[in-house]
Amino acid sequence: MKTSKKIPKTFFVFVVISFFIWLLITFSKEYVTEVTLPVQYSNIPQNKLLQKAPIKELNLSIKATGFKIAITELRKKIITIDASKLQQKKANQYYILTRNQFLNIQKQLMNGVDLQEIEKDTINLNIDELASKYVALKPNLELEYHIGYDLLNEVSIQPDSILISGPSSQIESISQLELENLTLTDIKSDFSHELSILQPKDLENIKLTTSTVTINGSVDKFTEGTINVPFTINNLPDNVNVTILNEEIQIVFVVALSNFNEVSKSSFKVECDYEMSANNDLSYLIPKITLKPSFVRSVKLYPSKIDFLIQK
């Protein structure tokens, strides 16, 4: 019966030590190789804005020991490109010559790594002038009130306009921004809601000073009221006397309950134009309301025509 020979442990130790010696020798040697590193851009002039992201990586030819090449590959340090001195090709097209960035890039590499060559000689950038302006906000409301209830005043938006900034070519096309939809039903009390401002579609470079606004509405119950007020006749010639059956006219109005007690005869002013009736050969006067409170709604006059007789 044959017996298998065991490999001595010292053999494995020798192999491991030999491998590490080989690895040390190999990685201690200098090599020229190509690495790909991520890039970012700094010092873009304040009055300019990148419209589209330029290249995000740069291929560099470097000379270094195997150890430092390995570390460079593993760390993937972001290389910063100085864009303070852009050169213009046409309109919004600019470019950076990478040869002018050679020393800048070399300083950002770890000690012992020598930059040999930058593969790309030109970096193109799409840049527009930075502009800003105030634009109004447009609400999208679907409001349904409980029977007899309504708004006291118009819905308010705080703020009602915002400052936007971005490429001038995009800013010029924006006159207003819309708010997200708000649907409320059976409303019978004041409301307040925070709404998001909708970002313009396909205009990702537009910046807003705020992303939300507050919309408020004051709601009250409305009722109908009536009041009799005197009226005046304007443009009546001195030599003409007219006789009218009534010296007052009835006003039917709609007002919020909270303002009902503020309505009085002095709140309204009704006038008739005699000259208009005479010029149109009318035998009656047409009353018109020339003064009323701002909080009064749906004003109607009864009668709508006032008969008169001329005294001779």
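FYI, it's all coordinate maths here, none of it is from the lab. Fair warning: this is a prediction, and the values are worked out from it, not measured in the lab. Note that each Cβ is placed from the backbone with ideal geometry, even for glycine, and that neighbours are counted across all protein chains shown.
Remark on Leu285: its backbone amide H falls under 5 Å from those of Ile306, Asp307, Phe308, a criterion applied only to residues 5 or more positions apart or on other chains, H modelled at 1.01 Å from N.
This structure gives Cα Rg over 2.2 N^0.38 Å, computed directly, and of (i) 2.13; (ii) 0.98; (iii) 1.19 that value is listed as (i). Taking R0 as 41 Å, what's the FRET efficiency between His146 and Glu172 from their Cβ-Cβ distance, rounded to 0.05? Once rounded, the FRET efficiency stands at 0.40. Normalising by the residue count of the stretch 27-120, find the relative contact order in percent from Cα pairs under 8 Å and 6+ residues apart. Once divided by the residue count of the stretch 27-120, the mean separation gives 37 percent.
Report, in deg cm²/dmol and to the nearest 500, the calculated mean residue ellipticity at 222 nm for the chain, where each DSSP H run with n ≥ 4 adds -39500 (n - 2.57) and the sum is divided by the residue count.
Computed ellipticity for the chain at 222 nm equals -4500 deg cm²/dmol.
Computed over the stretch 122-243, the Cα gyration tensor eigenvalues convert (square root of 5λ each) into semi-axes of 49, 25, 10 Å, ordered from largest to smallest. Compared with the alpha-carbon gap, the fully stretched path from Ser132 to Asp202 is longer by 23.4 nm at 0.36 nm per residue.
Local charge for Cys272 was computed over the other residues whose Cβ lies under 13 Å away, with Lys and Arg +1 and Asp and Glu -1, and equals -3.
When only the Cβ of Lys, Arg, Asp and Glu is charged (+1, +1, -1, -1), the dipole of the chain relative to its Cα centre reaches about 3080 debye.
With the largest listed first and rounded to whole Å, the semi-axes of the equivalent ellipsoid of the stretch 27-120 from the Cα gyration tensor are 29, 12, 11. Neighbours of Glu142 by Cβ distance under 13 Å: Lys/Arg scored +1, Asp/Glu scored -1, total -3. Of the options Leu37, Ala278, Pro167, report the single residue whose Cα projects farthest towards the positive end of the charge dipole of the chain (beta-carbon charges: Lys, Arg +1; Asp, Glu -1). Farthest towards the positive end: Leu37.
Between Ser132, Ser189, Leu143, the Cα set farthest toward the positive side of the dipole of the chain (charges on each charged residue's Cβ, about the Cα centre) is that of Ser132. Angle, helix 9-28 long axis vs. longest principal axis of the chain, Cα atoms, 0 to 90°, nearest 10? For 9-28 against the chain, the angle is about 60 degrees.
Counted residue by residue at 0.36 nm each, then reduced by the alpha carbon distance between them, the extension gain from Asp114 to Asn234 reaches 33.4 nm.
Remark: for residue pairs Lys52/Lys107; Lys68/Lys89; Lys188/Lys292; Lys188/Lys288; Lys138/Lys269, the C-alpha separation exceeds 29 Å in Lys68/Lys89; Lys188/Lys288; Lys138/Lys269.
In sequence order, the stretch 293-301 has phi-based couplings of x, 5, 8, 8, 10, 6, 7, 10, 10 Hz under the Karplus curve 6.51 cos²θ - 1.76 cosθ + 1.60, θ = phi - 60°, and Gly or Pro positions carry x. For Lys120, nonlocal amide neighbours, meaning residues 5 or more places apart or on other chains whose placed amide H falls under 5 Å from its own, are Asn59.
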